[in-house]
Amino acid sequence: MSMTPQDAARVQQAKQAALEVLLHNMHGPYRGLPRTAGWGYPEPYTRDLMIALLGVLASGHKKLIASYRRVLETLAKNQTRLGHIPSLVHDPENRGASDTTPLFLLAAGIFRRAVNEPDFLASAVEKSLTWMDYQSIEDRVLVPQLPTSDWRDEQWVLGYGLFVNTVVYSYLRCFGLHDKANVLQTQMNRFSISAGARHRHVHEGLSMRNKPYYALYSYKINRSERFDLLGNSIALLSGLASPSRASHLVSWIEQESAAMRRNNELDVDLPPNFFPYIYPSDPDWMPRYEKFNRPGEYHNGGIWPFVCGFYVAGIVAAGKQKLAEQKLLALTDLIKPAVDSNLSYGFNEWCYARDGQPAGQDWQTWSAAMYLYAATSVEAGRALFFDEFRTPPNSIVKENANKTNSAE
C-alpha cells in the first residue's frame, strides 16, 4: 500500500478491533452459533454469517474458521428436502429468503478452496445447486425473487434482482460451472426492456443503454434503474462486469457520489447502498417507507459498512488501487462512531447518509467481517477469493461484453 505510516497504523488498529468483534460474537445463545451483532441480534442469521465468512477466512484465525465451518455444517443439516437453505442457521422452518441458498453455495465454494477440501458438504451443495436450477422459472439460469425476500427486508425488488443473480453468477464460477455462468453473463448483459410491450422471443436483461451500471431489477416490462451498490460491487468482484465496464462503473459511482455531496444528500466519502433515493412523490414509494425507509436511511440510501466493504474490494478488482486505499480510509472513519459512546469502534449496521451518524446495532458481525475482508484485499492488491475463480469469458460472452461497452 502507498498509505502514510499513520494511515496504515489506523487500518491495522481497525482490523484488530474488527477481529475482536468477531471473536466476541463467535458464540451466541442459539446452540453456540455466532451471533449477528454484539448485543442486539443474538440470532445466527444465515445471510449475515455467509457474507461474514469472507472476513473470517481473510483473518486466518483458526478458531473463527472452525466456528464458521460449524455454521456451514449446521446449515447443511437444516437444509430442506429439496435443497433450500433456511434464513436462520439453527431453524429449519424459517424459510422463504431468495438469497440464503445462493449465499450458502458461494460461501461453501469459497470455503472449500480456502481449506483445500474440494468435497466439503458435497451432498448438501449438490441439493442446493439443484434447488437453484428449479428457481429459474424460464429455465434461463437467471432467477427471480419476491419483494423483500433478499437482505432488503424493507424494500421492493421484484423479478430478476441484480444482487441475487450476481451471487448466482459468482458461485457458478466458483464451482467451475462455466457454461451456466456464461449463459447467465450473456443474459444479464442484455438490455432491460424499456418499451411498453414485451415482444415474443425478446428477453429482459439487467443492462441499460448509456449507463455503465446494472439495473436494480428487471421483469418483463417492469424494471428499476435505481442504483444498487451491493449488486454492482459483486459484479466488479466476480468479473461479471468486463474490465472496461468495471472502470466506467467505478468512475460513475464516484462522480454521482460527489454530486450528492454537493447537493447535501451525502456527507460521507463513500456511496449510499442505493440511489437516487425514493421520495414520497415517486411512483415506487411504499407507504411503509415513511416509518422504516425514509430517503437517505436504511435500505433507501443508508450507508452500510458491509456493502462498502464489497465496494472497496470491487475497486481493487477493477485495478484502481489508489482509489481503493482512499475509500478504505473513509470506511475506517465510518466504522469508528458507535451508538454506545463507550465503544471505541461501532461497526454499526448502517449510518445516515446525510450526516454519517451510526444507526442500528453496534458490533454488527458482517460490518466487522467485511472491513477485515476489504482491508486485507487492499493490502494484498487483489480481491481475495474472487480472483481465484474469475476466468476469462468465452468468445460468446466477449462478443456480448463488447456490444455492451459500445453502448456505455
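Report, by residue number, each residue of region 139-171 that is closer than 15 Å to residue 188 by Cα, among the charged types (D, E, K, R) and either buried (at least 24 other Cβ atoms within 10 Å of the Cβ) or touching a residue at least 40 places away in the same chain (Cβ under 8 Å) (or both). Selection gives 140 alone. A Cβ distance below 9 Å, combined with a sequence gap of six or more or placement on separate chains, defines the contacts here; from region 241-263, residues that are in contact (Cβ under 8 Å) with a residue 40 or more places away in the chain and within 25 Å of residue 169 (Cβ to Cβ) reach residues that are part of a helix (DSSP H, G or I) and among the aromatic types (Phe, Trp, Tyr) in the pairs 250/311; 253/311. Look through 60, 38, 55 and report the one residue that is on the phi > 0 side of the Ramachandran plot and at pLDDT 95 or above. Answer to the selection: 60.
Got at least one residue in region 228-238 being over 22 Å from residue 378 (Cα atoms) and either buried (at least 24 other Cβ atoms within 10 Å of the Cβ) or not β-branched (Val, Ile, Thr) (or both)?
Taking every residue of region 228-238 in turn, at least one turns out to be over 22 Å from residue 378 (Cα atoms) and either buried (at least 24 other Cβ atoms within 10 Å of the Cβ) or not β-branched (Val, Ile, Thr) (or both).
One residue stands out among those in region 1-21 that are among the aliphatic types (A, V, I, L, M) and under 23 Å from the mean Cα position of the chain (by Cα): the one that is nearest to residue 60 (Cα to Cα), which is 19. Going through (1) in contact (Cβ under 8 Å) with a residue 40 or more places away in the chain; (2) under 30 Å from residue 320 (Cα atoms); (3) β-branched (Val, Ile, Thr) one by one, residue 4 falls short only on (1). Identify the residue in region 44-91 that is of a type in the set (D, E, K, R) and under 21 Å from the mean Cα position of the chain (by Cα) and, among all such residues, is surrounded by the most Cβ atoms within 10 Å (Cβ to Cβ). Step by step, filter region 44-91, then rank; the result is 48.
Residues checked against (1) more than 23 Å from residue 60 (Cα to Cα); (2) small (Gly, Ala, Ser); (3) part of a helix (DSSP H, G or I):
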residue	(1), (2), (3)
323	yes, no, yes
327	yes, no, yes
344	yes, yes, no
361	yes, no, no
368	no, yes, yes
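Can you work out which of the residues in region 70-92 that are of a type in the set (Lys, Arg) and part of a helix (DSSP H, G or I) is farthest from residue 111 (Cα to Cα)? By that ranking, first place goes to 77. Pairing residues of region 357-382 that are within 15 Å of residue 53 (Cβ to Cβ) and surrounded by fewer than 24 Cβ atoms within 10 Å (Cβ to Cβ) with residues that are among the basic types (Lys, Arg) and at pLDDT below 95, at Cβ distances under 6 Å and at least 6 apart in sequence or on separate chains, gives no pairs at all. Residue 122 meets each of the listed conditions (1) at pLDDT 95 or above; (2) among the small types (Gly, Ala, Ser); (3) within 22 Å of the chain's Cα centre (by Cα); (4) farther than 30 Å from residue 287 by Cα apart from (3). As an exercise: evaluate residue 67 against (1) within 14 Å of residue 26 (Cα to Cα); (2) in a loop (DSSP other than H, G, I, E, B); (3) of a type in the set (Ser, Thr, Tyr) and give the number of the one condition it does not meet. Residue 67 satisfies all of (1) within 14 Å of residue 26 (Cα to Cα); (2) in a loop (DSSP other than H, G, I, E, B); (3) of a type in the set (Ser, Thr, Tyr) except (2). Residues that are at pLDDT below 95 and either within 22 Å of residue 298 (Cα to Cα) or under 16 Å from the mean Cα position of the chain (by Cα) (or both) within region 242-275 are absent altogether.
Among the residues that make up region 17-30, is at least one of them surrounded by 21 or more Cβ atoms within 10 Å (Cβ to Cβ), aromatic (Phe, Trp, Tyr) and touching a residue at least 12 places away in the same chain (Cβ under 8 Å)? No, there is no match, as no residue in region 17-30 is surrounded by 21 or more Cβ atoms within 10 Å (Cβ to Cβ), aromatic (Phe, Trp, Tyr) and touching a residue at least 12 places away in the same chain (Cβ under 8 Å). Residue pairs whose Cβ atoms lie under 6 Å apart, separated by 6 or more positions or on different chains, with the first residue in region 59-87 and within 26 Å of residue 133 (Cα to Cα) and the second charged (D, E, K, R) and surrounded by 18 or more Cβ atoms within 10 Å (Cβ to Cβ), are 83/127.
The values are calculated or read from the model by the stated rules, or taken from the named source; none is laboratory data. All of these numbers come straight from a predicted model, not from anything done at the bench. Cβ coordinates were reconstructed from backbone atoms using ideal geometry, including for glycine residues, and neighbour counts include every protein chain displayed.
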